[in-house]
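K.L.:
Got a structure for you, written out below as structure tokens; questions coming shortly.
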Amino acid sequence: MEHLPEMHLQHPATVEEAVKLHAAAPASRYLAGGSDLLVNIRRGIERPDSLVYLNGIAELHTITDGLEQISIGGAVTLRELAESQLLRKPFSAVAQAAGKVAGPSHREYGTLGGNLCLDTRCVFYNQSEWWRAANNYCLKYRGDICHVAPGGKKCFAAFSGDVAPALLLFDAEVELAGPDGRRRIALAALYRNDGMDHLTMTRGELLVAVHVPKIPAPVRTGYAKSRVRGSIDFPLAGVAVRLGLQDEKIADLRIGLTGVSPLPFLVRGLDKFVGRKPDDACLEELREVVRGQAKAMKTTLTPPHYRRRVAGALAQKLAESIF
């Protein structure tokens, strides 16, 4: 990696001030924990001339228990999220996902907003400048060919944030602030299936908070992932499961996936499991449904077929463990 270039560091006190500072410097970037951004700057992938540092904005650091929802500021650290008593029982998958991001030191400064807005990753993209130049770069950055699928013009770099699939289980919404004011959208609407341009945020928008509606009926949730090194790595496949039972039969079932596509998403076609007992035959069928929708490509050193299989296996084991 190269040394960090010289950049101007801005210190706003409010969200509105941060947005104005960002708008005044077109090549600037927002910075909170920086666990991914600073690495990409050192690799020459990101080249901002200034950074708008967000940690002095009090609004971004709160977790609020409202009447109908829990609101989590974008700069809440992953450690705070993992240890929050407000989340551990009703939204345990969210706390578990935050607690499985990288290692303890990363979680100490990495933030919720950073994990949700994490850049997509690929073995041909997240490399040093000399390595990428030796391979004539790639479609995602300065190149003309996707080395994962050379015959096409689509980038398959994978989204690898852990917290997003867990929040998708609960119909979470994100609050964004930009030059045109604030807006709220469904978390699912924050993403598009495009490895080069996977976020729908407009230029200069900042993720202010996540709002998670409270659930009237009791459900059990959990998160699990597979990675090469258990201490720090991004997920080869990550799975979040929400399961509710009534009279020992499935009444509520949702599964979120990450690491196997350019966007995190909820598995489709799970309605057919409602009303069934979660026995071995049911869970094996569930495994195959998940495996069929995990469209992993060769964006890591681990073969795609393994990541598809492990996604199904994680869903099966996780559902079995929480019912």
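K.L.:
Using a basic spin-label model with each label point 7 Å from the Cα along Cα→Cβ, how many nm lie between Ala13 and Asn193?
P.N.:
4.7
K.L.:
Starting from the Cα of Lys317, draw a straight line to each of the aspartates and glutamates and keep only those under 20 Å, dropping any in the same chain fewer than 8 residues away.
P.N.:
Straight-distance partners of Lys317: Asp162, Glu248, Asp252, Asp271, Asp279, Asp280, Glu284, Glu285, Glu288.
K.L.:
Let me ask something additional. Please state, to two decimals, what the Cα-based radius of gyration of the chain comes to when divided by 2.2 N^0.38 Å (N = residues).
P.N.:
Taking the Cα Rg and dividing by 2.2 N^0.38 Å, one obtains 1.00.
K.L.:
Another one. For the range 155-213 and the range 1-59, what is the separation of their C-alpha centers, rounded to whole Å?
P.N.:
Answer, in whole Å: 19.
K.L.:
Additional query: With contacts defined as alpha carbon pairs under 8 Å and 6 or more residues apart, what's the relative contact order of the range 220-322 in percent?
P.N.:
28
K.L.:
Let me ask something else about it. What's the extension gain from Asp271 to Lys214 if we count 0.36 nm per residue and subtract their Cα-Cα distance?
P.N.:
Answer, rounded to one decimal: 18.4 nm.
K.L.:
Something else now. Could you give the nm distance between label points at Arg203 and Lys89, where each point is 7 Å from its Cα heading toward the beta carbon?
P.N.:
Once both label points are built, they end up 4.9 nm from each other.
K.L.:
How about Lys100: which lysines have a C-alpha closer than 16 Å to its C-alpha, ignoring those fewer than 8 places off in the same chain?
P.N.:
Candidates past the 8-residue exclusion: Lys225.
K.L.:
Ranked highest first by average number of other Cβ atoms within 10 Å, how do 259-269, 15-25, 143-153, 212-222 line up?
P.N.:
259-269, 15-25, 212-222, 143-153
K.L.:
Right, here's the next one. Straight-line reach from Lys153: which aspartates and glutamates fall under 14 Å, measuring Cα to Cα and dropping same-chain residues less than 8 apart?
P.N.:
Asp144, Asp194, Asp197
K.L.:
Report the full-extension gain for the segment Arg184 to Lys154: residue separation times 0.36 nm, less the Cα-Cα distance, to one decimal in nm.
P.N.:
Length gained between Arg184 and Lys154: 7.9 nm.
K.L.:
Arrange His106, His211 by Cβ neighbour counts within 10 Å, fewest through most, would you?
P.N.:
His106, His211
K.L.:
Are there chymotrypsin sites (Phe, Trp or Tyr not before Pro) in the range 141-229 that DSSP marks as loop and that have at most 11 other Cβ atoms within 10 Å, and which are they?
P.N.:
Sites meeting the loop and neighbour criteria: none at all.
K.L.:
Separate question: Any idea what the dipole of the chain comes to, in debye rounded to 20, about its Cα centre with Lys/Arg Cβ at +1 and Asp/Glu Cβ at -1?
P.N.:
Its charge dipole is roughly 1020 debye.
K.L.:
For n ≥ 4 DSSP H runs only, could you compute -39500 (n - 2.57) per run for the chain, divide by its residues and tell me the 222 nm figure to the nearest 500?
P.N.:
Roughly -7500 deg cm²/dmol at 222 nm, from the helical runs in the chain.
K.L.:
Using alpha carbons only, how many angstrom separate the centre of the range 120-136 from the centre of the range 230-303?
P.N.:
30
Just so you know, all these numbers are worked out from the coordinates, no wet-lab data involved. Fair warning: this is a prediction, and the values are worked out from it, not measured in the lab. Because the Cβ atoms are built from the backbone with ideal geometry, glycine has one as well, and the counts that use them run over all protein chains shown.
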